[in-house]
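S.K.: Sharing a structure here in structure tokens format.
The values are calculated or read from the model by the stated rules, or taken from the named source; none is laboratory data. Keep in mind that this is a model prediction, so the values were computed, not measured. Cβ placement follows ideal geometry from the backbone for every residue including glycine, while neighbour counts extend to all protein chains displayed.
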Amino acid sequence: MKSVAALGVLLVALIVLLPALSGCQRESRGKTLRVSLASDIRSTQFGVNRDENTDTVLHHVVEGLVAYREDLTVGPLLAESWEVSEDGRSYTFTLRPGLRFHNGQVVTASDVKWSWEYLLNPRNRWLCRNWYDGTGETGIRILKIETLDEQTVRFELTEPNYLFLARMAHMVCLCGIIHRDSLDAHGNWIMPIGTGPYRIVRWNRRKSIELERFADYQPLPGARDGYAGRREAFFDRIEFLVIPDASVAEFALLSGSIDIAPKMPAEVLPALARRKDVVPVLQPTLNWNVLLLQNEDPMLSDARMRRAIAHAINREQVAQNATQGLAHANGSAVFPGSRYDSEFQRRVPEYDPSKARQLIREAGYAGQPIRLQVNRQFQLDYSSAIIVAEMLRQIGLHVELEVLDWATQLKNYNTGNYQMMSIGFSARPDPTLMFDIFIGDRKKRSNVVFSDPAVVVKLRRSGLVTDPVERQRLFDEIHAAADADSSLIGLFNHTILDAVRADIINYSSWPLARPRFWGVSRQMTEGGEQ
Amino acid sequence: MIAFVLRRLTLAVPSLLVAAVTIFVLMRVVPGDPALLFIGDLENQQAITEMRERLGLGKPLAQQFLVWLEQMARGDLGSSIATGEPVSRLLLDAFPITAQVVLIATAVTSLLAIPGGILAAWRQNTKTDAAILTGASLSQSIPGFWMALALILVFGVELGWLPTVGHVSFADSPHGWLRHLLLPVAALVLTQISTLTRMTRSSTIEVLRLDYITHARAKGLTEAAVLYRHALRNAFAPVLTVLGLMLGHLLGGVVVIETMFALPGLGRLLVDAIFQRDYPVIQGCMLFIAVIYTVVNLLVDLLYPLFDPRVRLE
């Protein structure tokens, strides 16, 4: 009985001591920003072993010559300016003066040339090499990179290509300029010595990654603007904590263990909105949810069946219900609000169940089951599929939901092994790249659903021409053709929800939905501490 | 005893081999392509093909298995497809976190449940017994994730006393280590305590009914001496079996607790690897878990004679 009593005393002591133990919870909290990360970074080698979380962290450390602005145009970052030659084949970049790497060395044109040659060397397995060696879908091929002086570097292409800057600024494949000491004497990767407003100081694998403010950082003038613009760091440290579960991240935010929880599920919005200590930040993004119809399937190869499905879906209702009212329907690969948005891009088959029923009768549909593949890892894919399946049942289609894990669905997507699939595509800033997800040569890529050769030619052309009017015309024609084919039914663009503690100032999101923590600070306390 | 240990270890080899074959085949049967998951949304078919070649995924299954076996024979569990880290290092990083939570929780559970169970047995059919049984039933009926959520909400969100996520190593900060472990350990204790309490109670009740206990009381021994010297030693063997099974199971990864408190332990390593189809990590984790079970069972067998002299290790 003595041990039970001793245990009781111990428990009481613990409970009494708990508040005292919590005293250190706010230790040095003011100068450190704590952010949740859904998974650990895969590596520090940008573009070699990466995923979205890896990109998010490394964009604070490594910078390219150019970057995307919030209006989805390309702006300068390390480059002060650039000139395109009359024939459209040469891009000459002038570096900003006074730029330094994290090791204190000055950034020169030869560093830019060296970095690019490192990335393009097949030995280094940069996953985006095919974007620039002529083997990729957009056909860009860098012929030569030469330094003209300490501050100027010229890229020469084999032929003009509008997408060169778009690719260079792309957030997925960071074309980072790094110092040579990022590698050891044998050419093996150590750690990126970049130019960003933060540098990596500690990586506790599977737990956290800590960044420290780079004191010699030279921010661009003006305001923060996407991944371009002013990147001024106010927090001394950023600590990314690996928290895979969204509910756990939510509780960590509510308890003050973290300051920002990016990309929370829409379901938590009502609960967050009721609190005074947390602010929900909403942002429409280019991420796009769609329904794919396999037009090589015996039943769905009949265009009338696909068209019937397009008429049976009330896209606005899908968008509203799947996202808790946060998104509106978008049937086009062109983002509403993009410079290439037009009335043509908004044209999609109207919601008309009677017309849908008539079309399936004409197609001779006799109640055969149609399987709709989906996963539960991405909640919007799943909610959309549930609603779509019900709408299709309303017109008499026998739709069965096939819930797979993401790895299986991804494999089926890549091999074309499905009848219908509910899936979301990540943001591509340029419409050519967005259309390229589902239009192309099926012999080369089995995941495309629309292979009309004439449309494929138009899509390639849209990447080559620089005249905005011609690009607009091409995008409108491509959308009209894809819409008539109805092998892809666009549903909606995601609105993402980032949850932020109320004392965090100036945090905002942007259409490419990648969190940025420069320009963000903490409200001053009475003692004057940040 | 040494002969017994050696014989048990030798017998474990075929079991581990069968486990290895099963794990290997099962993972290859489940659809999904690690190369595709690695490349992600980059639309680079050439890179996917190159990656498959590099991983040897195009080779016949038997050849892939033999390559893995040969690696293991050299003590090399391979490297993670997702991160490139050696699997052995991932296990060495993850297991201590799981082990800390599980061992502390098991120790606390034992300290509470065994005396609790004995007390309930001693006071059978009284209010004390009813109270302990009710507590145990309540704890058994609450799912682990719910218990964890309740603790997080009360001590993390509402009272703000303890952090709700993460892990700090003891070497970095003993204070931080304690604070970060309190909630996961409490959640685990509260979900495991009922089984052990009930087992101890029923086992002790059984022993208390035996003639030799009546004889001990007739000799004039105190109740404490009867309980601890005579009853507990005999009642403990089945409790030890349950404790061993529990420990083996928990050391293999407490996925729910690790997820709820963002602890990078063995359970989460395995689950993440399954989602990523990271074959070397899955195979390494599963084999490691099989070894844990073998070792824990062996230890339990070795401990039996300490409590029950009738048991001989032959």
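S.K.: When you scan the range B:59-78, do you find a residue that is more than 30 Å from residue B:188 (Cα to Cα) and touching a Phe, Trp or Tyr at 6+ places or on another chain (Cβ under 6 Å), even just one?
M.R.: The answer is yes; a qualifying residue exists.
S.K.: Among the residues of the range B:145-170, write down those that are without any contact (Cβ under 8 Å) to a residue 40 or more places away in the chain, aliphatic (A, V, I, L, M) and in a helix (DSSP H, G or I).
M.R.: B:150, B:151, B:153, B:154, B:157
S.K.: Please verify whether the range B:213-222 includes one or more residues that are out of contact with any Lys or Arg (no Cβ under 9 Å at 6 or more places or on another chain) and either of a type in the set (Phe, Trp, Tyr) or within 30 Å of residue B:163 (Cβ to Cβ) (or both).
M.R.: no
S.K.: Another question, if that's okay. Quick one: is residue A:103 in a loop (DSSP other than H, G, I, E, B), on the phi < 0 side of the Ramachandran plot, polar (S, T, N, Q) and outside the structural domain of residue A:425 (by TED's automatic domain parsing)? Can you show your working first?
M.R.: Values: in a loop (DSSP other than H, G, I, E, B): yes; on the phi < 0 side of the Ramachandran plot: yes; polar (S, T, N, Q): yes; outside the structural domain of residue A:425 (by TED's automatic domain parsing): yes.
So residue A:103 fits the description; yes.
S.K.: Can you find a residue that is buried (at least 22 other Cβ atoms within 10 Å of the Cβ), out of contact with any Leu (no Cβ under 7 Å at 6 or more places or on another chain) and closer than 17 Å to residue A:434 by Cβ anywhere in the range A:344-353?
M.R.: Yes: one or more hits.
S.K.: Right, here's the next one. For residue A:385, only one of the following conditions fails: (1) in contact with a Leu (Cβ under 7 Å, 6 or more places away or on another chain); (2) closer than 15 Å to residue A:310 by Cβ; (3) assigned to a helix (DSSP H, G or I). What is its number?
M.R.: (2)
S.K.: Tally the residues that are within 8 Å of another protein chain (Cβ to nearest Cβ) and either closer than 22 Å to residue A:334 by Cα or in a helix (DSSP H, G or I) (or both), restricting the search to the range A:405-428. Steps first, please.
M.R.: First, the residues of the range A:405-428 that are within 8 Å of another protein chain (Cβ to nearest Cβ): A:405-408, A:410-412, A:414, A:425-426.
From what is left, the residues that are either closer than 22 Å to residue A:334 by Cα or in a helix (DSSP H, G or I) (or both) are A:406-408, A:410-412, A:414, A:425-426.
Total satisfying the criteria: 9.
S.K.: Checking the condition in a helix (DSSP H, G or I), away from every other protein chain (no Cβ under 12 Å) and under 20 Å from residue B:145 (Cα atoms), which residue from B:182, B:196 passes?
M.R.: When all the criteria are applied, what remains is B:196.
S.K.: Here's another thing I want to ask about it. Can you tell me which of A:145, A:193 is surrounded by fewer than 22 Cβ atoms within 10 Å (Cβ to Cβ) and in contact with a strand residue (DSSP E or B) (Cβ under 7 Å, 6 or more places away or on another chain)? Let's see the steps before the verdict.
M.R.: Values: A:193 fails: in contact with a strand residue (DSSP E or B) (Cβ under 7 Å, 6 or more places away or on another chain).
Just one listed residue meets the conditions, A:145.
S.K.: Examine the range A:496-505 for a residue that is surrounded by fewer than 17 Cβ atoms within 10 Å (Cβ to Cβ), modelled with pLDDT of 95 or more, assigned to a strand (DSSP E or B) and not basic (Lys, Arg), and state whether such a residue exists.
M.R.: Yes, the range A:496-505 contains at least one residue that is surrounded by fewer than 17 Cβ atoms within 10 Å (Cβ to Cβ), modelled with pLDDT of 95 or more, assigned to a strand (DSSP E or B) and not basic (Lys, Arg).
S.K.: Just for helices (runs of 4 or more DSSP H) wholly inside the range B:245-314: which have at least 2 residues that are under 30 Å from residue B:157 (Cα atoms)?
M.R.: B:255-260, B:266-276
S.K.: Examine the range B:71-79 for a residue that is part of a helix (DSSP H, G or I) and over 30 Å from residue B:247 (Cα atoms), and state whether such a residue exists.
M.R.: Scanning the range B:71-79 turns up no residue that is part of a helix (DSSP H, G or I) and over 30 Å from residue B:247 (Cα atoms).
S.K.: Do we have residue A:88 as touching a residue at least 12 places away in the same chain (Cβ under 8 Å), more than 21 Å from residue A:217 (Cβ to Cβ) and within 14 Å of chain B (Cβ to nearest Cβ) here?
M.R.: no
S.K.: Out of the residues in the range B:73-86 meeting the condition of being away from every other protein chain (no Cβ under 13 Å) and either crowded, with 16+ Cβ neighbours inside 10 Å or acidic (Asp, Glu) (or both), tell me which one is nearest to the chain's Cα centre (by Cα).
M.R.: B:77
S.K.: Another one. List pairs: first residue in the range B:108-132 and touching a residue at least 40 places away in the same chain (Cβ under 8 Å) and under 15 Å from residue B:226 (Cα atoms), second residue part of a helix (DSSP H, G or I) and of a type in the set (Phe, Trp, Tyr) anywhere in the structure, Cβ distance under 9 angstrom, at least six positions apart or on different chains.
M.R.: B:118/B:228
S.K.: Inspect all residues belonging to the range B:87-102 and state whether any of them is within 30 Å of residue B:207 (Cα to Cα), touching a helix residue (DSSP H, G or I) at 6+ places or on another chain (Cβ under 9 Å) and either small (Gly, Ala, Ser) or in contact (Cβ under 8 Å) with a residue 40 or more places away in the chain (or both).
M.R.: Checking the range B:87-102: at least one residue is within 30 Å of residue B:207 (Cα to Cα), touching a helix residue (DSSP H, G or I) at 6+ places or on another chain (Cβ under 9 Å) and either small (Gly, Ala, Ser) or in contact (Cβ under 8 Å) with a residue 40 or more places away in the chain (or both).
The rows are residues; the columns are (1) outside any strand (DSSP E or B); (2) in contact (Cβ under 8 Å) with a residue 40 or more places away in the chain.
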site	(1), (2)
A:83	no, no
A:92	no, yes
A:111	yes, yes
A:138	yes, yes
A:155	no, yes
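S.K.: Follow-up question, since we're still on this one. Taking the range B:241-298, which residues are within 15 Å of the chain's Cα centre (by Cα), of a type in the set (D, E, K, R) and under 17 Å from residue B:81 (Cα atoms)?
M.R.: Result: B:268, single match.
S.K.: Can you find a residue in the range A:262-276 that is among the charged types (D, E, K, R) and closer than 30 Å to residue A:73 by Cβ? Show your work before the answer.
M.R.: The first filter runs over the range A:262-276 and keeps only residues among the charged types (D, E, K, R), leaving A:263, A:267, A:274-276.
Restricting the remaining residues to those that are closer than 30 Å to residue A:73 by Cβ gives A:263.
Within the range A:262-276, one or more residues are among the charged types (D, E, K, R) and closer than 30 Å to residue A:73 by Cβ.
S.K.: When you go through (1) of a type outside the set (A, V, I, L, M, F, W, C); (2) closer than 27 Å to residue A:260 by Cα; (3) in contact with a His (Cβ under 9 Å, 6 or more places away or on another chain) one by one for residue A:331, which number turns out not to apply?
M.R.: (2) is the only condition that residue A:331 fails.
S.K.: Being under 30 Å from residue A:386 (Cβ atoms) and surrounded by fewer than 20 Cβ atoms within 10 Å (Cβ to Cβ) is the requirement here; does residue A:461 meet it? If you could, list the steps in order and put the result at the bottom.
M.R.: Values: under 30 Å from residue A:386 (Cβ atoms): no; surrounded by fewer than 20 Cβ atoms within 10 Å (Cβ to Cβ): yes.
For residue A:461, the condition - under 30 Å from residue A:386 (Cβ atoms) and surrounded by fewer than 20 Cβ atoms within 10 Å (Cβ to Cβ) - is not met.
S.K.: Spot the failing condition for residue B:58; the list is (1) within 30 Å of residue B:162 (Cβ to Cβ); (2) in contact with a helix residue (DSSP H, G or I) (Cβ under 7 Å, 6 or more places away or on another chain), and only one is missed.
M.R.: Looking at each condition in turn, residue B:58 falls short on (1).
S.K.: Follow-up question, since we're still on this one. Within the range B:38-63, how many residues are without any contact (Cβ under 8 Å) to a residue 24 or more places away in the chain, on the phi < 0 side of the Ramachandran plot and away from every other protein chain (no Cβ under 14 Å)?
M.R.: 5
S.K.: Given the criteria within 14 Å of chain A (Cβ to nearest Cβ) and in contact (Cβ under 8 Å) with a residue 24 or more places away in the chain, does residue B:247 qualify?
M.R.: Details: within 14 Å of chain A (Cβ to nearest Cβ): no; in contact (Cβ under 8 Å) with a residue 24 or more places away in the chain: yes.
Criteria not met by residue B:247.
S.K.: Give just the number: which of (1) assigned to a helix (DSSP H, G or I); (2) aliphatic (A, V, I, L, M); (3) buried (at least 20 other Cβ atoms within 10 Å of the Cβ) does residue A:374 not satisfy?
M.R.: (1)
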